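The values are calculated or read from the model by the stated rules, or taken from the named source; none is laboratory data. Keep in mind the model is a prediction, meaning the values are calculated, not measured. Because the Cβ atoms are built from the backbone with ideal geometry, glycine has one as well, and the counts that use them run over all protein chains shown.
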Amino acid sequence: MADPLDSDLIAIDPNQVMQLTGSCLCEGVKYKIDGPVRNVVNCFCEQCRKTSGHHVAATKVNKDHLAFENDETLDWYECLPSVYRGFCKTCGSSLFWENKNAADNGIAIMAGALDAPTNLKTIGNIFTEDASDYCKVPSIE
Ligand SMILES: [Zn+2]
Ligand SMILES: [Zn+2]
């Protein structure tokens, strides 16, 4: 089975260096990003649909460029072998997606958990065939 957020759309953009902050709803998880950031990709796969309640919109960074200010309520769910979804075990926010075997040392970060403005753009949709029947897949400019 393909890794849901691991498609080629989707390399980290080495020229888009940003400083961003993010948190879960209760702020038991708070983090900073300082480094190259990928633009946002929407994933409609069944796992993202179930875990988010709709679809996932995620950016991506190298793990070396992600630093936690607080991770006391962060927990991980192994959704596929060696693939983990990070979430807050207090407030339930969906926060991260990580393939431990990824060659790029990347971690996908749920874009809605970033503090706005992010100055990111949405650049694509993946696994649209898994979108639910109520769901209108947004067009990408
Ligand atoms: Zn929380
Ligand atoms: Zn997905």
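Quick notes on this one:
- Residue check for THR73: among the polar types (S, T, N, Q), at pLDDT 95 or above, within 13 Å of ligand 2 (Cβ to nearest atom) and surrounded by 15 or more Cβ atoms within 10 Å (Cβ to Cβ): no
- Considering region 88-109, the residues that are among the hydrophobic types (A, V, I, L, M, F, W, C), in contact with a Cys (Cβ under 8 Å, 6 or more places away or on another chain) and farther than 17 Å from VAL41 by Cα include one that is surrounded by the fewest Cβ atoms within 10 Å (Cβ to Cβ), namely CYS91.
- Of all residues in region 117-141, exactly one satisfies the criterion of being over 11 Å from PHE44 (Cα atoms), of a type in the set (A, V, I, L, M, F, W, C) and loosely packed, with under 15 Cβ neighbours inside 10 Å, namely ILE140.
- Entry remark, region 18-45: residues being within 16 Å of ligand 2 (Cβ to nearest atom) and assigned to a loop (DSSP other than H, G, I, E, B) number 3 in total.
- Residue match in region 46-57 (condition: assigned to a strand (DSSP E or B) and among the basic types (Lys, Arg)): no
- When residues of region 1-42 are limited to those that are away from ligand 1 (no atom under 16 Å from the Cβ) and among the acidic types (Asp, Glu), the one modelled with the highest pLDDT: ASP34
- Checked against (1) in contact with a Leu (Cβ under 7 Å, 6 or more places away or on another chain); (2) among the aliphatic types (A, V, I, L, M); (3) surrounded by fewer than 18 Cβ atoms within 10 Å (Cβ to Cβ), LEU80 passes all but a single condition, namely (1).
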